[in-house]
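Taking it in order: structure first as structure tokens, then the write-up.
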Amino acid sequence: LALVFYFIKSDKFKEPNRIIIITFLFGVLISLPAGYINDFIFKRFATGDEINEALLSGFFAGGPVEETLKFLVLYFYILREKAFNEPMDAIVYGVLISLGFATLENFNYVYYSNIEGVTSQDIAWVRSYSAIPMHGLCGVIMGFYFGQYTFSADKKYFGLAIIVPIIFHGSYNFLVSFNFLYALLIIIIGFIFALLLHRNLKLAQKQKIKEHEEKKV
């Protein structure tokens, strides 16, 4: 919630509360089909091999499934909203979707995980500086590229809005299966990258007197 409020407040031209709430709830809702799809992929393709499990988690389930569902909310809901009228808005909405998703996902991890020797408090603490920021930074990156696509109609940004978050998310999921410190390195790199993207749009916003830009798609 702290991350959600930070990005909402960082927007010079505030978004309507109605769309903020709906977007966050969409993020929560898509975690349900994501869970079913991920579960199906693991049941269908799991072999018990450590590398196979890591690949499934990172690049067949997990990253691609979850980031694609987030993208679909941006494309089929946010793109059609009149309030989405400048690139910074896409970052705000991207973060809302991602952290809405993380909210229900983390609820399940914390309250329903049954890893022997690991308490709910341990899981909550670890995910607070790993998986949650990872979802947030993927939301920033996806939102940045989606905003560039919307207001330029350059199709390369359409692809980047999906591919780059999948790379970060998938790499994190893959590496966390072997070494948690390697996974944290992905988060640090992603955090710096997302920070720079967000900073560029904040600087551009400072030059604006009014918010509106024409969509090209």
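The values are calculated or read from the model by the stated rules, or taken from the named source; none is laboratory data. If you're wondering where the values come from, they're calculated on a predicted model, not measured in any experiment. FYI the Cβ positions are ideal-geometry reconstructions off the backbone, even for glycines, and counts take in every protein chain you see. These area figures cover heavy atoms from the full protein model, side chains too; ligands, DNA and RNA do not enter into them. Shrake-Rupley method; radii C 1.70, N 1.55, O 1.52, S 1.80 Å.
Tell me, what is the percent relative contact order of the chain, built from C-alpha pairs under 8 Å that lie six or more residues apart? Could you put the intermediate results ahead of the total?
Numbers: 286 pairs, mean separation 59.1, N = 217.
The normalised contact order for the chain reaches 27 percent.
Would you report the distance distribution of C-alpha pairs in segment 149-210 as whole percents per 5 angstrom bin, up to the bin with the largest distance?
4, 15, 16, 19, 18, 12, 8, 5, 2, 0
Are any of the pairs Lys14/Lys216; Lys155/Lys216; Lys82/Lys202 more than 19 Å apart by Cα-Cα distance, and if so, which?
Working: Lys14/Lys216 22 Å; Lys155/Lys216 11 Å; Lys82/Lys202 21 Å.
Distance filter (> 19 Å) returns Lys14/Lys216; Lys82/Lys202.
Using a 10 Å cut-off on Cβ atoms, rank the peptides 72-83, 165-176 from the highest mean neighbour count down. Before the final figure, lay out the partial values.
Numbers: 72-83: 16.3, 165-176: 23.3.
Descending mean neighbour count gives 165-176, 72-83.
Could you work out the pair-distance distribution P(r) of segment 97-213 from its alpha-carbon pairs, with 10 angstrom bin width and percents rounded to whole numbers?
13, 37, 30, 14, 5, 0
Over the alpha-carbon set of segment 57-131, work out the extent along each principal axis and list the three values in angstrom, largest first.
Answer, in whole Å and largest first: 49, 25, 17 Å.
When the dipole is taken about the Cα centre of segment 57-141, and only Lys, Arg (+1) and Asp, Glu (-1) are charged at their Cβ, what size is it in debye, to the nearest 20?
That gives a dipole near 160 debye.
Which order, highest average first, do 63-71, 143-151 follow once you tally other Cβ atoms within 10 Å for each residue and take the mean per peptide? Kindly include the intermediate steps, with their values, before the conclusion.
On the way: 63-71: 22.9, 143-151: 25.7.
Most protected by this proxy first, the peptides run 143-151, 63-71.
Charges at C-beta only: +1 for Lys and Arg, -1 for Asp and Glu. How large is the resulting dipole of the chain about its Cα centre, in Debye rounded to 20?
Details: 19 positive and 18 negative charges, 199 e Å.
Using only the charged Cβ atoms, the result is roughly 960 debye.
How big is the gap, in Å, between the Cα center of segment 76-127 and the Cα center of segment 23-63?
Using only Cα atoms to place each centre, the spacing works out to 15 Å.
Farthest toward the dipole's positive end in the chain, which of Thr150, Ser130, Ile41, given Cβ charges of +1 (Lys, Arg) and -1 (Asp, Glu) about the Cα centre?
Result: Thr150.
Report in % the part of the accessible area of the chain that belongs to carbon and sulfur, leaving out ligands and nucleic acids; probe 1.4 Å. Write out the running numbers ahead of the final one.
Values: 7690 of 11480 Å².
C and S atoms contribute 67 percent here.
Ranked from highest to lowest mean number of other Cβ atoms within 10 Å per residue, what is the order of the peptides 15-21, 131-137, 87-93?
Numbers: 15-21: 14.0, 131-137: 24.3, 87-93: 26.6.
Going from most to least packed, we get 87-93, 131-137, 15-21.
What do you get when you divide the Cα radius of gyration of segment 8-127 by 2.2 N^0.38 Å, with N the number of residues? Please list the in-between numbers first.
Working: Rg = 16.7 Å, N = 120, 2.2 N^0.38 = 13.6 Å.
Normalised Cα radius of gyration, segment 8-127: 1.23.
Report the Rg/Rh value for the chain, based on alpha-carbon coordinates and the Kirkwood definition of Rh. Walk me through the intermediate numbers first.
Working: Rg = 17.3 Å, Rh = 17.6 Å.
Checking Rg against Rh, the ratio lands at 0.98.
Quick one: if the Förster radius is 30 Å, what FRET efficiency do Ala2 and Ser152 give, using the C-beta to C-beta distance and rounding to 0.05?
Computed FRET efficiency for Ala2 and Ser152: 0.40.
Hey, can you find the accessible area per residue of segment 1-103 for me, probe 1.4 Å, expressed in square angstrom?
Values: 4940 Å² over 103 residues.
Per residue, segment 1-103 has an accessible area of 48 Å².
Along the charge dipole of the chain, pointing to its positive end and built from +1/-1 on Cβ of Lys, Arg, Asp and Glu, which listed residue (Gln205, Leu181, Ile162) has its Cα farthest out?
Gln205
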